[in-house]
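Engineer: So that we are looking at the same thing, I have put the structure below in C-alpha cells.
No value in this document is a laboratory result; all are computed from the given coordinates. None of the values given here were measured: they were computed from a predicted structure. Using ideal geometry, Cβ is built from the backbone for each residue, glycine included, and neighbour counts are taken over all protein chains shown.
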Protein chains: 2
Amino acid sequence: MNETRQAVLESLEVGPITGPDIAAEIGISRAAVWKHVEALREAGFEIDGTGSGYVLGDVSGYTGPLIEYGLSAPFSIEYHDTLSSTNERARELATAGAEDVVVVAGVQTGGRGRLDRKWSSPEGGIWLSTVERPSIPPARAPAHTIAAAVATTNVAREVGVDARIKWPNDVVVPADTDVGYAKLAGILTEMEGQTDRIEWLVCGIGINANVDPSSLPEGATSIRANAGAIDRRTFLQRVLERYDDARRDLSGTIEEWRDRTMTLDRRVRVIRSGEPVVGTAVDVTEYGGLVVDTGTDRVVISAGDCEHLRPA
Amino acid sequence: MNETRQAVLESLEVGPITGPDIAAEIGISRAAVWKHVEALREAGFEIDGTGSGYVLGDVSGYTGPLIEYGLSAPFSIEYHDTLSSTNERARELATAGAEDVVVVAGVQTGGRGRLDRKWSSPEGGIWLSTVERPSIPPARAPAHTIAAAVATTNVAREVGVDARIKWPNDVVVPADTDVGYAKLAGILTEMEGQTDRIEWLVCGIGINANVDPSSLPEGATSIRANAGAIDRRTFLQRVLERYDDARRDLSGTIEEWRDRTMTLDRRVRVIRSGEPVVGTAVDVTEYGGLVVDTGTDRVVISAGDCEHLRPA
C-alpha cells in the first residue's frame, strides 16, 4: 500500500472524520481523498459514509491489503481467490528475485504435500507460502519447517485446539484413529541454492481452518471441528507473526518444538537412505533432524516419512 | 547419436571398409551410408576415404558426439563453443526435466564460482556442468562436490600433476604463494528441491587445462603449466567416468578425499553462521562437512570459505 493511502487509512482509524479534514491533515486534495477511500473499499475495507464523516467498519475480509493491515511481520501479501498451488506461485516469485512475500490462496486446485502427494485445499482453509532469502546452507532449511510447525501449533492452541507436532512436517490433534491422531496442518519447505548458501526458500503452510472434515481426506481434521470457526485473517496474521519470530530464534524454536511434539519418546519407523530404521525417537537436532535410538545405535534422520508404532 | 549412425561408426572402427560393405553389413542403402558418414564428419569425426575404403582417423576433437564417443559413463553431452555459464544452461535443462546430461563449453563468458565470484574460463580449459536427479536430501548434496573434487584430482594425478583437494571445493597444486597453493580447478554444486529430497542437482566443474597461467587470475595454475598440454576430450571423459563411480560410492569417496586433501591437520579459519571459527581441521563427515577442533570444542562446518593459517 502506498504511503498516502496508508495515511488516509490511519486517519480513518480515528474517525469519524470528514473528507475535507483528511485532505487538510495529509495535505492532499479532496478529490484525492475520495479516490483513496474508493480504492480502500475496492481492496476490501468497509468504509461507511456517515453524517459526521467516514467511519472504518469491518476489516475481517480475506484480501491481500486486509491481511497486510495490522500485520506485525515484514511480509507483503499476494492474495489469489484460486491458485493451482501457492508453493508453485511462490517459486515463480522466488526465481524472479522476490523476498518476504507471502502468497495466499482462497482455494488451491492442485495443492501438494511431500513426495508430490495431493493436499486437499478447499474453501475455508488457510493456504499460504512464504518467499524468503535467508543466508543459510540447505542443511539448515528444515529449521524453517520446524518454525512453521511451532507457529501453527501455538496459534491453534490459542484458539483452543489441542495441537501437537508430528515430525517432520505435520500439525496434528490426538484422535481415536488407527495412528492416534488426525492431521490439522501440513508444511512443505522447498529451496534452491548452492551447497553452502541457499538462494531462496519457500515455506508452504496449509491449515484446515474453517473446513468441514467431511470435505477433507480420511484422517484429517480442522480447526472448526475442534474449536469452532475462526477469523481466518487474524489467525493467518498470528501465524505469520509467530513464524517470523521463530525463524529469527531457531534455538528457542527447537525448545518449543520439543515441548509440543507427539513424536519424542515414541517408537517410530523412519526411512533413511532407502532403508527402514526402527527405534525410539529421543531428540531433535539443532536443525530439525530426528535422533532415533535403535537400541544399538543412535542415528539422525534429516527428513522423511515417520510412522508412529505401538510400544514394543 | 541414433542407432544406425552408431552402427556405421562401429563399422568404421574396424575399417578400412567400403561404403557398399557397410551398407550390406547394416542393411541400409549406399546413399544412407554416405549421409551418415557426412553427418559423422560434420560432428567432428575424421573419416578418410582411401582406395580400400573409409578409415576412421583422429577422434580427439572437442565436440558433443566426440566426447560421447568412447565415454564409459551414462551421460549425454551437450556441447557449445561459447556459453555464458555451463551451470546456468544446466539449471535450464534441469528445470525442464533433464537427467544425466553434461553441458560442456569451449569458453565461458560469464563463469561463476561460490558466492557469485567471477571464474575465468578462457579457451583451452575444461568447463562442464552435470545435470542429475539423485534421490537425496539437500544436506547430502555436498557429497557430490567431494566426488567431483576426488575425480578431478585423480585424473590430474594420472597426467602427472601433484593435485590436492582444498576443502570444500577447490583442486589445488602446492605452490610458493602466500597461501601455499595455486588453484587448478573449482567446483560449484547447485540444487533445487524439498527439505527431504532434492529435485535436481547441477555439479559445475571448471578445470584450468590447456591454459596459459598468464591468462588466469593471480593464484591460479593450469594442467599445461604443471604437466604439459593434455587431450581435453580424453581428460574430460576420464573425469566424468571417475565422477560417475564416485557418486555411486560416496563412503569410499570420502576415504579417497581424506587421502588427497591439503586441509586436514591444518590450522584453518572458517565462517560458521557468520562467525569465524579458528582451529585444526581434523576430519570430514560422511556428507562432506569439515570437522574443526577449536581446542575447546569440535564443530562441523557444512560449507563455506576456508582459509589455511600458519601453524600456531
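Engineer: For the range B:1-51 and the range B:56-108, what is the separation of their C-alpha centers, rounded to whole Å?
Structural biologist: Here the answer is 23 Å between Cα centres.
Engineer: Under 5 Å between amide hydrogens, which residues at least 5 positions from A:Val284 or on another chain qualify, with H placed 1.01 Å from N in the peptide plane?
Structural biologist: Under 5 Å from the amide H of A:Val284: A:Val291.
Engineer: Turning to a different aspect of this structure: Take A:Ala24 and A:Asp265, extend 7 Å from each Cα along the Cα→Cβ direction, and tell me the distance between the two endpoints in nm.
Structural biologist: 6.7 nm
Engineer: Pulled fully out, how much extra length does the chain show between A:Asp305 and A:Glu46, if you take 0.36 nm times their separation in residues and subtract their Cα-Cα distance? If you can, show how the numbers build up before the last one.
Structural biologist: On the way: separation 259, 0.36 × 259 = 93.24 nm, distance 4.58 nm.
Stretched out fully, the A:Asp305 to A:Glu46 stretch lengthens by 88.7 nm.
Engineer: Follow-up. Which angle from 0 to 90°, rounded to the nearest 10, does the C-alpha axis of helix B:3-13 make with the longest principal axis of chain B?
Structural biologist: 80 degrees
Engineer: Another question, if that's okay. What lysines sit close enough to B:Lys183 to cross-link, taking a C-alpha to C-alpha distance under 22 Å and skipping anything fewer than 8 places away on the same chain?
Structural biologist: Of all the lysines, those that pass the test against B:Lys183 - Cα under 22 Å, at least 8 places apart if same chain - are B:Lys118, B:Lys166.
Engineer: Name the long-range amide H neighbours of B:Thr18: under 5 Å, sequence gap of 5 or more, or other chain; modelled H, no Pro or chain starts.
Structural biologist: Residues meeting the amide H criterion: B:Tyr54.
Engineer: Across all directions of projection, what mean area in square nanometres is found for the Cα convex hull of the protein assembly as shown? All intermediate terms of the calculation are to be shown ahead of the outcome.
Structural biologist: Values: hull surface 153.2 nm².
Directional mean of the projected Cα hull area for the protein assembly as shown stands at 38.3 nm².
Engineer: Additional query: Using each residue's phi in the range B:19-29, evaluate 6.51 cos²θ - 1.76 cosθ + 1.60 at θ = phi - 60° and report the 3J(HN,Hα) Karplus result to the nearest Hz, with x for Gly and Pro.
Structural biologist: Per-residue couplings from phi come out as x, x, 5, 4, 4, 5, 4, 8, x, 10, 6 Hz.
Engineer: About its Cα centre, what dipole magnitude does the protein assembly as shown give when the only charges are +1 on Lys and Arg Cβ and -1 on Asp and Glu Cβ, stated in debye to the nearest 20? If you can, show how the numbers build up before the last one.
Structural biologist: Working: 64 positive and 94 negative charges, 139 e Å.
With only Lys, Arg, Asp and Glu charged at Cβ, the dipole is about 660 debye.
Engineer: Can you list the HN-Hα couplings for the range A:209-219, worked out from phi with the Karplus curve (6.51, -1.76, 1.60; θ = phi - 60°), rounded to whole Hz and with x for Gly and Pro?
Structural biologist: Per residue, the Karplus-derived 3J(HN,Hα) values read 8, 8, 10, 6, x, 5, 9, 10, x, 3, x Hz.
Engineer: Quick one: putting +1 on the C-beta of Lys and Arg, -1 on the C-beta of Asp and Glu, what dipole do you get for the range A:64-260 around its Cα centre, in Debye to the nearest 20? Spell out each step's value before the answer.
Structural biologist: Working: 22 positive and 29 negative charges, 55 e Å.
Charge dipole of the range A:64-260: 260 debye, to the nearest 20.
Engineer: Obtain the nm distance between the two label points defined at A:Arg133 and B:Arg157 by a simple spin-label model: each point lies 7 Å from its Cα along the Cα-to-C-beta direction.
Structural biologist: 4.2 nm
Engineer: Compute the relative contact order of the range A:162-312 as a whole-number percentage, counting only Cα pairs closer than 8 Å that sit 6 or more residues apart in sequence. Walk me through the intermediate numbers first.
Structural biologist: Details: 249 pairs, mean separation 25.9, N = 151.
Over the range A:162-312, the number comes to 17 percent.
Engineer: Separate question: Within the range B:210-249, find all residues whose amide N lies under 13 Å from a label point positioned 7 Å from the Cα of B:Thr177 along Cα-to-beta-carbon.
Structural biologist: Flagged as within label range: B:213-223.
Engineer: Mind checking which of A:Val292, A:Trp34, A:Ser52 is farthest towards the positive end of chain A's charge dipole, using Cβ charges of +1 (Lys, Arg) and -1 (Asp, Glu) about the Cα centre?
Structural biologist: A:Val292
Engineer: Determine ³J(HN,Hα), in whole Hz, for all residues of the range B:134-144 in sequence, where each value follows from phi through the Karplus function 6.51 cos²θ - 1.76 cosθ + 1.60 and θ = phi - 60°; x replaces Gly and Pro.
Structural biologist: Using θ = phi - 60°, the values come out as x, 8, 9, x, x, 4, 8, 4, x, 4, 6 Hz.
Engineer: Can you list residues from other chains, or at least 5 along the same chain, whose modelled amide H is less than 5 Å from the amide H of A:Asp231?
Structural biologist: none
Engineer: Can you list the GluC sites (Glu not before Pro) in the range B:18-117 that are in a DSSP coil and have 16 or fewer other beta carbons within 10 angstrom?
Structural biologist: Details: sites: B:Glu25, B:Glu38, B:Glu42, B:Glu46, B:Glu68, B:Glu78, B:Glu88, B:Glu92, B:Glu99; in loops: B:Glu46, B:Glu99.
The qualifying sites are B:Glu46, B:Glu99.
Engineer: Loop-only check: which trypsin sites (Lys or Arg not before Pro) in the range A:97-130 are DSSP coil with at most 15 other Cβ within 10 angstrom?
Structural biologist: A:Arg117
Engineer: How well do other chains shield peptide A:176-186, expressed as the mean number of their Cβ atoms within 10 Å of each residue Cβ? If you can, show how the numbers build up before the last one.
Structural biologist: Details: counts 0, 0, 0, 0, 0, 0, 0, 0, 0, 0, 0.
Whole-number average of other-chain Cβ neighbours for A:176-186 is 0.
Engineer: If you scale each eigenvalue of the Cα gyration tensor by 5 and take the root, what three semi-axes come out for the range A:267-308, rounded to whole angstrom and sorted largest first?
Structural biologist: For the range A:267-308, the ellipsoid semi-axes come out as 13, 12, 9 Å.
Engineer: I would also like to ask the following. Using the reciprocal of the averaged 1/r over all distinct C-alpha pairs, how large is the Kirkwood radius of the range A:45-124 in Å? Don't jump to the answer; show the numbers that get you there.
Structural biologist: Values: mean 1/r = 0.0683 Å⁻¹.
Answer for the range A:45-124: a Kirkwood hydrodynamic radius of 14.6 Å.
Engineer: Another question, if that's okay. Give me the one-decimal nm value for the distance between modelled label points at A:Thr4 and A:Arg248, 7 Å along each residue's Cα-to-Cβ direction.
Structural biologist: In this crude label model, A:Thr4 to A:Arg248 measures out at 3.2 nm.
Engineer: With unit charges on the beta carbons (Lys and Arg positive, Asp and Glu negative) and the dipole taken about the Cα centre of the range B:167-303, which residue among B:Asn208, B:Ala185, B:Ile271 sits farthest to the positive side?
Structural biologist: It is B:Asn208, whose Cα lies furthest towards the positive end.
Engineer: From the helices alone, meaning DSSP H stretches of at least four residues, give me the mean residue ellipticity at 222 nm for the protein assembly as shown, per-run term -39500 (n - 2.57), in deg cm²/dmol to the nearest 500.
Structural biologist: Working: 18 runs with 194 residues, N = 624.
Per the formula, -9500 deg cm²/dmol.
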